[in-house]
Every structure is written in structure tokens, then in C-alpha cells.
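Read the structure below first, then the notes.
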Amino acid sequence: SSPNSTTPFHMDAEDNFFVQIHGEKIFAVYDNRDGQIADDAQVEHSTVKHRNVPFSESFRPRGIEFNLDAGDGCYIPYQWPHWVKTAGSYSISMAITWKTEEVRRLNDLHRFNSMLRSLGLPQAAPGRHPALDSVKLAVYRTAAAIIEPLRASETMRRVIRRIALGKNANYYLKKA
């Protein structure tokens, strides 16, 4: 990272160990277990569309700021809002991220809820209706198991592109 740069307030759709290798960083992590910093809609949006969320100075008392030097690190739980700022020198850091089965489950439910919401069907956040969550997850993962191999095929992507965008959709794929 460049000196004096800031990574905006955002949430990540995975767990994260952040390790500082060179330089200094301030890493601020905010507890959002009660949803008062980012509500259910913002959590879904950050999972599916864009990870940044609005920051308010009123959040400051809920945060923990870590002053990280080379060799220091911190843990950022799934979907906990945070921001990062470098000090006056360049910075090298490493994020070690992973997705547990529960995180994958929640991310899939957020994606499916987002798709249903885009069709005008209001959705409750994951966990509010566990039985319905199980049905949604089964439908989403079954559809994904069918669609993903098709998306991986270059030929199928060309066919879908042509259907969706017309006969000239693949102009840039034609061989010279």
C-alpha cells in the first residue's frame, strides 16, 4: 500500500487473518453482531454487489483500532466492518482468508436472496427462517451445480453470449 492511504470502511465475505509485513498500519475492526452498524440489507449488498458500507463517527466506540507494525496481525471475523490506513511509509501486508462451510452457506443464501429480491420477492435475512433457508440452499446449490459446468465451457459461453447479445456478440473471439 502507498503511504498515507486508506482502505474504505467495508465488510468481507470471508474470515481473515491480517498480517503486517513492512511499515505501519492502523486497522480498525467494528463489532456488527447486532446489525446496528450494517443492517441485513447492507450485509447482503456487501456479499453480492459491493463490499463498502457507509461509515458514521457514531460507530467509533464500537471499534477496536490495532496499530500494526511488521510482524503484528489481527483477526477479522466474517462480515465485521473495518477500515485500514497506512502511516507515512509504504506498507506490505498479507491477508490470509478462508471460507468455512457456514460462511459458504451464508454467502449462498445472500446470493439467492438477492436474486429473488431482484424479481420483486422480499426475503428475510439468513437465519430468520431456518427451514426456508434449507430449501433455498438446496434450490440454489442444485441450480449452481447445473449451471457452473456450462459457464466453464467456452463454447457454451459463446452460445449464451450470442443468444443474449445477438449475432455480433462474439466478434472479439473470431480468429484472425
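Scanning region 93-111 for residues that are part of a helix (DSSP H, G or I) and either within 14 Å of the chain's Cα centre (by Cα) or touching a residue at least 40 places away in the same chain (Cβ under 8 Å) (or both) gives VAL103, ARG104, ARG105, LEU106, ASN107, ASP108, LEU109, HIS110, ARG111. Is at least one residue of region 145-157 surrounded by 11 or more Cβ atoms within 10 Å (Cβ to Cβ) and in contact (Cβ under 8 Å) with a residue 12 or more places away in the chain? Scanning region 145-157 turns up no residue that is surrounded by 11 or more Cβ atoms within 10 Å (Cβ to Cβ) and in contact (Cβ under 8 Å) with a residue 12 or more places away in the chain.
Condition check: of a type in the set (A, V, I, L, M, F, W, C) and in contact with a helix residue (DSSP H, G or I) (Cβ under 8 Å, 6 or more places away or on another chain). Does VAL43 satisfy that? Please lay out each step first, then the result.
Numbers: of a type in the set (A, V, I, L, M, F, W, C): yes; in contact with a helix residue (DSSP H, G or I) (Cβ under 8 Å, 6 or more places away or on another chain): yes.
Against the criterion (of a type in the set (A, V, I, L, M, F, W, C) and in contact with a helix residue (DSSP H, G or I) (Cβ under 8 Å, 6 or more places away or on another chain)), VAL43 qualifies.
For (1) open to solvent by less than 40 Å² (accessible area, probe 1.4 Å); (2) more than 17 Å from PHE17 (Cβ to Cβ), each residue gets a yes or a no:
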{"position": "ASP69", "(1), (2)": "no, no"}
{"position": "CYS74", "(1), (2)": "yes, no"}
{"position": "VAL84", "(1), (2)": "yes, no"}
{"position": "ALA95", "(1), (2)": "no, no"}
{"position": "VAL103", "(1), (2)": "yes, no"}
{"position": "ASP108", "(1), (2)": "yes, yes"}
{"position": "PHE112", "(1), (2)": "yes, yes"}
{"position": "MET115", "(1), (2)": "no, yes"}
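I want to confirm something. Restricting to region 22-49 and keeping residues that are among the small types (Gly, Ala, Ser) and in contact (Cβ under 8 Å) with a residue 40 or more places away in the chain, which single residue is farthest from SER89 (Cα to Cα)? Selected residue: ALA38. Residues of region 113-135 that are within 20 Å of the chain's Cα centre (by Cα) and of a type in the set (D, E, K, R): ARG117, ASP133.
For (1) open to solvent by 70 Å² or more (accessible area, probe 1.4 Å); (2) of a type outside the set (Gly, Ala, Ser); (3) within 17 Å of THR7 (Cβ to Cβ), each residue gets a yes or a no:
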| residue | (1), (2), (3) |
| --- | --- |
| HIS50 | yes, yes, yes |
| SER56 | no, no, no |
| PHE59 | no, yes, yes |
| ILE64 | yes, yes, yes |
| TRP80 | no, yes, yes |
| TYR90 | yes, yes, yes |
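The residues listed here are PHE9, PHE66; of these, the one that is of a type in the set (A, V, I, L, M, F, W, C), more than 20 Å from ASN113 (Cβ to Cβ) and free of Cβ contacts under 8 Å to residues at least 60 places away in the same chain is PHE66.
The values are calculated or read from the model by the stated rules, or taken from the named source; none is laboratory data. Quick caveat, the model's predicted, so the values are computed rather than measured. All Cβ positions, glycine included, derive from the backbone under ideal geometry; neighbour counts span all protein chains shown. Side chains are part of the model used for accessible areas, which takes the heavy atoms of the whole protein and leaves out ligands, DNA and RNA. Shrake-Rupley method; radii C 1.70, N 1.55, O 1.52, S 1.80 Å.
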